[in-house]
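K.L.:
For reference, the structure I am asking about is given below.
The values are calculated or read from the model by the stated rules, or taken from the named source; none is laboratory data. Everything numeric here is computed off the predicted structure, so don't read it as measured data. As a convention, Cβ positions derive from the backbone with ideal geometry for all residues, glycine included, and neighbour counts pool all protein chains shown.
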Amino acid sequence: MGSEESHKYFKKADPKKATILALGKAFPHQLVMQDFLVDGYFKNTNCDDPELKEKLTRLCKATTVKTRYVVMSEEILTNYPELAIEGLPTMKQRLEICHSAVTQMAIEASRSCIKKWARPVSDITHLVYVSSSEARLPGGDLHLAKGLGLRPDTRRTLLYFSGCSGGVAGLRLAKDIAENNPGSRVLLATSETTIIGFKPPNPNRPEDLIGVALFGDGAGAMIIGANPVGEEETAYFELHTAIQHFVPDSEKIIDGKLTEEGISFKLEKKLPQIIEDNIEDFCIELMGYGGFCKSDYNKIFWAVHPGGPAVLNRMEKKLELLPDKLKASRRALSDYGNAGSNTIVYVLQYMLDEGKNGEKDEDEWGLILAFGPGITFEGILTRKLTV
């Protein structure tokens, strides 16, 4: 068995369903305390605008984020001072930094995951790689495969620019691969850095400050496979049914464009409201595949990508969830910020940690959820196999 065997026992997995066999994570070396972010950001961008500084201070408190990891450092700004200057073409420089950073983090997260899985790296048959922080040919999937020493016949799939829903989209794809290729073992890796969108503050773009206050960097990894092998593998979550929906005419709510100055994101204020308006129908459909209904909201677990506190608060209110139902999501947000596609890995790991630490862990069935550009809803009805 892997290194996560502190639970009392494990339920038997359906051999026809994909399961999560291991999780791993990795982060850059720069740890940012939210209390010190504002002064550091304005110093690094040579800006002295009291009004914007006050606005960012308010946003930092509202996000509930306490710590985050970031690739950006004083050394990078010393070597690339143009990143902190408005209007300069810097995409080439950003991609140079991002490509190296996301590959290194993805390698570290994957190695951590493979170590917990405790099988040889040569047993990996498929790779799904997710990132919204790079753009190159060949893609990050090949660079990761090379860095890990994967077999040349490993079948690779690349998901670029899926945003915050990318982690669950990748998990849905890995589930399909695992269930349709007997004996396969899929490595899902996600890696993100905010450097591709780093900008100095601008009074004409106050919405940029939301990202400054909320987003973080890191990587995540999972091993997915069906029919776990005897004593060699431990299955933690069984992936029962996966669905995806998009909200019509909502494509401008999360708007991202690659420009000569990096990637530019715009998040409309009505994003939480759109999620609130559509979340119930989506969840009822997904829960129905397991025979659950609306009255069962508090009888299942919720592994939700923490896009921000407003999204979590509105979900909690709309579905009348008990306060502890989103505990893992809120903890991930507090510790890492919104780290894009990676964050669902951190949420699932916290759910496992709660069970190992003897905290309440009674719900066998639950939902893995994420929301991204589109507006796209990704969801997986999931069975927890640890007790």
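K.L.:
Restricting attention to the range 220-235, which residues are under 13 Å from R119 (Cα atoms) and surrounded by fewer than 23 Cβ atoms within 10 Å (Cβ to Cβ)?
P.N.:
If the condition is that a residue be under 13 Å from R119 (Cα atoms) and surrounded by fewer than 23 Cβ atoms within 10 Å (Cβ to Cβ), then P228, V229, G230, E231, E232, E233 are the ones that fit.
K.L.:
Sort out which residues of the range 365-379 are assigned to a strand (DSSP E or B), in contact with a Phe, Trp or Tyr (Cβ under 9 Å, 6 or more places away or on another chain) and within 18 Å of C164 (Cβ to Cβ), and write them in order of number. Steps first, please.
P.N.:
Our first condition is that a residue be assigned to a strand (DSSP E or B); within the range 365-379, this holds for 365-372, 376-379.
Okay, now just the ones that are also in contact with a Phe, Trp or Tyr (Cβ under 9 Å, 6 or more places away or on another chain), so 365-371, 376-379.
Across the range 365-379, the qualifying residues are L367, I368, L369, A370, F371, T376, F377, E378, G379.
K.L.:
Still on this structure, I have one more. Restricting attention to the range 181-209, report how many residues are out of contact with any helix residue (DSSP H, G or I) (no Cβ under 6 Å at 6 or more places or on another chain) and among the β-branched types (V, I, T).
P.N.:
1
K.L.:
For the list (1) closer than 27 Å to L188 by Cα; (2) modelled with pLDDT of 95 or more; (3) among the basic types (K, R); (4) outside any strand (DSSP E or B), I need the number of the one condition that K61 fails.
P.N.:
(1)
K.L.:
For the range 207-243, name all the residues that are part of a loop (DSSP other than H, G, I, E, B) and closer than 27 Å to Y80 by Cβ.
P.N.:
Our first condition is that a residue be part of a loop (DSSP other than H, G, I, E, B); within the range 207-243, this holds for 207, 216-217, 227-236.
Result: E207, G216, D217.
K.L.:
So which of K252, K266 ends up being modelled with pLDDT under 95, among the charged types (D, E, K, R) and either under 20 Å from the mean Cα position of the chain (by Cα) or not in a loop (DSSP other than H, G, I, E, B) (or both)? Step through it out loud before you land on a result.
P.N.:
Values: K252 fails: either under 20 Å from the mean Cα position of the chain (by Cα) or not in a loop (DSSP other than H, G, I, E, B) (or both).
That would be K266, the only listed residue that is modelled with pLDDT under 95, among the charged types (D, E, K, R) and either under 20 Å from the mean Cα position of the chain (by Cα) or not in a loop (DSSP other than H, G, I, E, B) (or both).
K.L.:
Does the range 304-324 include one or more residues that are closer than 23 Å to C113 by Cβ and touching a residue at least 60 places away in the same chain (Cβ under 8 Å)?
P.N.:
Within the range 304-324, the first condition is being closer than 23 Å to C113 by Cβ, and the residues that meet it are 304-306.
Still in the list and also touching a residue at least 60 places away in the same chain (Cβ under 8 Å): 304-305.
Within the range 304-324 (the criterion being closer than 23 Å to C113 by Cβ and touching a residue at least 60 places away in the same chain (Cβ under 8 Å)), the answer is yes, since at least one residue qualifies.
K.L.:
Within the range 35-61, take every residue that is touching a residue at least 12 places away in the same chain (Cβ under 8 Å) and of a type in the set (A, V, I, L, M, F, W, C) and give me the one that is nearest to I85 (Cα to Cα).
P.N.:
Within the range 35-61, the match that is nearest to I85 (Cα to Cα) is C47.
K.L.:
All but one of (1) closer than 29 Å to Y336 by Cα; (2) more than 15 Å from the chain's Cα centre (by Cα); (3) buried (at least 21 other Cβ atoms within 10 Å of the Cβ) hold for S132; state the number of the condition that does not hold.
P.N.:
All conditions are met except number (2).
K.L.:
Restricting the search to the range 76-99, which residues are free of Cβ contacts under 8 Å to residues at least 12 places away in the same chain and within 27 Å of the chain's Cα centre (by Cα)? Spell out how you get there, then give the answer.
P.N.:
Step one: filter the range 76-99 for residues free of Cβ contacts under 8 Å to residues at least 12 places away in the same chain, giving 78-79, 81-82, 92, 96.
K92, E96, listed by residue number.
K.L.:
Could you tell me whether the range 300-314 includes any residue that is part of a helix (DSSP H, G or I), within 30 Å of Q30 (Cβ to Cβ), of a type in the set (G, A, S) and touching a Phe, Trp or Tyr at 6+ places or on another chain (Cβ under 6 Å)?
P.N.:
Here is the first cut: in the range 300-314, the ones part of a helix (DSSP H, G or I) are 309-314.
Applying the additional criterion that residues be within 30 Å of Q30 (Cβ to Cβ) yields 309-313.
Narrowing the set further to residues that are of a type in the set (G, A, S) leaves 310.
Okay, now just the ones that are also touching a Phe, Trp or Tyr at 6+ places or on another chain (Cβ under 6 Å), so none.
Within the range 300-314, not a single residue is part of a helix (DSSP H, G or I), within 30 Å of Q30 (Cβ to Cβ), of a type in the set (G, A, S) and touching a Phe, Trp or Tyr at 6+ places or on another chain (Cβ under 6 Å).
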